[in-house]
Amino acid sequence: MTLFRWRKDPVPAQRPDPEFSYLSADQGARLRALVREAFAERGLEVTMHAGHVEAADGGRYGLTNVAANCRASKERDWPKVIRSHVATILRAAERTIDPDQLDSDEVMAHVFVRVVGTSTIPDLTAFGYRRDLGGDLVELLALDFPESVAMLTDEVVSRFGVDDLRRAGVTNLVCEPFGNYEQVVRKDGTAFGVVLGESVYTASRLLTMDDVLRRTVRSVEAPYGVLVSVPFRHQLAFHVIRDATVVPAIESMAVFAASGYGDGIGPVSPFLYWSHGGRLTQLSHPGEDGGLRIEVDHEFAEVLADVGITDDEP
């Protein structure tokens with residue numbers, strides 16, 4: 001059943017870039033021109049695509065990180081930022097991570113569990129080991145070194161063992177710098193928590209919610225589960241369900257997730273989820289009118305009833 005609907009915010013006056021919505025279309029065009037120039041300065045001709053470039057030598061390089069770096073910099077500094085980025089990725093390409101050259105201890109020390117949205121990795125054929133978390137979210141394994149990060153494929157995972165890799169990946173995730181915790185408070189007093197960190201694995205803390213709750217609200221008690229969203233890789237939002245404040249929290253967090261996904265660096269998912277019993281249930285969905293709708297299944301309806309909410313309430 002449907003509880004709520006929202007309309008989209010007014011369309012901004014300046015048209016956004018189709019791939020990186022936090023940049024304008026003009027900024028996106030300038031970004032790609034500067035990237036092409038930076039590669040050319042290093043003797044590589046590249047073919048530009050919306051989200052990546054393909055070099056004549058067969059190399060393929062994403063634009064997400066350099067776009068994020070540019071967004072965080074003044075436009076007059078973009079040429080320097082882009083030249084530095086291109087130099088870094090070309091150095092990293094020369095030292096591509098080869099798990100065959102690493103021993104087990106080194107792999108286990110650098111592996112991380114990572115939550116990603118299927119829209120960001122549309123072809124999951126090479127990741128048969130993945131865990132489907134719910135909705136558009138999956139868990140993958142990443143091998144993380146200072147200048148190079150690689151998602152582990154089935155071939156690599158089979159050599160080291162998915163269970164051992166995952167255990168090490170969770171341990172390394174928990175040991176990452178936690179970031180900052182704050183509360184977003186509505187006028188009616190309803191609040192939800194937000195963890196914002198520099199680590200690209202901040203959103204992946206969705207997989208360790210007990211640890212998140214222990215560090216933030218000082219209690220892991222959540223008998224009705226937790227509302228969660230991971231709009232982009234540096235952010236995790238949550239609300240522990242305890243009472244009727246769940247309804248305004250759903251409203252606020254659904255809009256928060258959709259907005260953060262469009263504006264944040266390293267998008268993960270624009271949707272709101274209910275985390276319960278080790279499972280995720282997607283609550284928010286695209287509406288036919290271009291807004292959002294909330295879908296409540298029988299299980300979540302029982303939770304709402306337990307905290308005093310019925311489907312005939314506004």
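The values are calculated or read from the model by the stated rules, or taken from the named source; none is laboratory data. Because the structure is predicted, anything quoted here is derived from the model rather than measured. Cβ placement follows ideal geometry from the backbone for every residue including glycine, while neighbour counts extend to all protein chains displayed.
Taking the residues in the range 242-281 that are surrounded by fewer than 23 Cβ atoms within 10 Å (Cβ to Cβ) and aromatic (Phe, Trp, Tyr) as candidates, determine which candidate is nearest to Thr120 (Cα to Cα).
Among those that are surrounded by fewer than 23 Cβ atoms within 10 Å (Cβ to Cβ) and aromatic (Phe, Trp, Tyr), it is Tyr261.
Is it fair to say Asp9 is modelled with pLDDT under 90 and over 24 Å from the mean Cα position of the chain (by Cα)?
No, not satisfied.
I need the strands (runs of 3 or more DSSP E) fully contained in the range 113-183, keeping only those with at least 2 residues that are closer than 22 Å to Asp210 by Cβ. Spell out how you get there, then give the answer.
On the way: elements: 131-134, 137-145, 148-151.
Counting at least 2 such residues, we get 131-134, 137-145.
Within the range 208-229, how many residues turn out to be outside any loop (DSSP other than H, G, I, E, B) and within 23 Å of Glu251 (Cα to Cα)?
Selection size over the range 208-229: 8.
Quick grid of which residues meet (1) out of contact with any Ser or Thr (no Cβ under 8 Å at 6 or more places or on another chain); (2) of a type outside the set (A, V, I, L, M); (3) under 16 Å from Val246 (Cα atoms); (4) free of Cβ contacts under 8 Å to residues at least 24 places away in the same chain:
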{"site": "Gly277", "(1), (2), (3), (4)": "yes, yes, no, no"}
{"site": "His285", "(1), (2), (3), (4)": "yes, yes, no, yes"}
{"site": "Asp289", "(1), (2), (3), (4)": "yes, yes, no, no"}
{"site": "Arg293", "(1), (2), (3), (4)": "no, yes, yes, no"}
{"site": "Asp297", "(1), (2), (3), (4)": "no, yes, yes, yes"}
{"site": "Phe300", "(1), (2), (3), (4)": "no, yes, yes, no"}
{"site": "Leu304", "(1), (2), (3), (4)": "no, no, yes, no"}
{"site": "Thr310", "(1), (2), (3), (4)": "yes, yes, yes, yes"}
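Looking only at the range 25-45, filter to residues that are modelled with pLDDT of 90 or more and in contact with a strand residue (DSSP E or B) (Cβ under 7 Å, 6 or more places away or on another chain); which one of those is surrounded by the fewest Cβ atoms within 10 Å (Cβ to Cβ)?
Ala25
Conditions (1) without any contact (Cβ under 8 Å) to a residue 24 or more places away in the chain; (2) among the polar types (S, T, N, Q); (3) touching a Gly at 6+ places or on another chain (Cβ under 7 Å), marked per residue:
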residue	(1), (2), (3)
Val170	no, no, no
Pro177	yes, no, yes
Tyr181	no, no, yes
Glu198	no, no, yes
Ala203	no, no, no
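Looking only at the range 89-118, which residues are surrounded by fewer than 16 Cβ atoms within 10 Å (Cβ to Cβ), at pLDDT 80 or above and either of a type in the set (Phe, Trp, Tyr) or over 23 Å from the mean Cα position of the chain (by Cα) (or both)?
Asp103, Ser104, Asp105, Glu106
Of the residues Asp123, Asp136, Asp132, which single one is over 25 Å from Glu19 (Cβ atoms) and either of a type in the set (D, E, K, R) or at pLDDT below 90 (or both)?
Just one listed residue meets the conditions, Asp132.
Give Phe127, Phe160 a once-over and let me know the one that is out of contact with any Gly (no Cβ under 9 Å at 6 or more places or on another chain), outside the structural domain of Thr208 (by TED's automatic domain parsing) and without any contact (Cβ under 8 Å) to a residue 60 or more places away in the chain.
Phe127
Can you name the number of the only condition in (1) modelled with pLDDT under 95; (2) crowded, with 18+ Cβ neighbours inside 10 Å that Glu147 fails?
Glu147 satisfies every listed condition except (2).
In this structure, is Asp163 at pLDDT 95 or above, over 30 Å from Thr88 (Cβ atoms) and not polar (S, T, N, Q)?
In short, yes.
Any chance the range 62-77 includes a residue that's modelled with pLDDT under 90 and in a strand (DSSP E or B)?
Within the range 62-77, one or more residues are modelled with pLDDT under 90 and in a strand (DSSP E or B).
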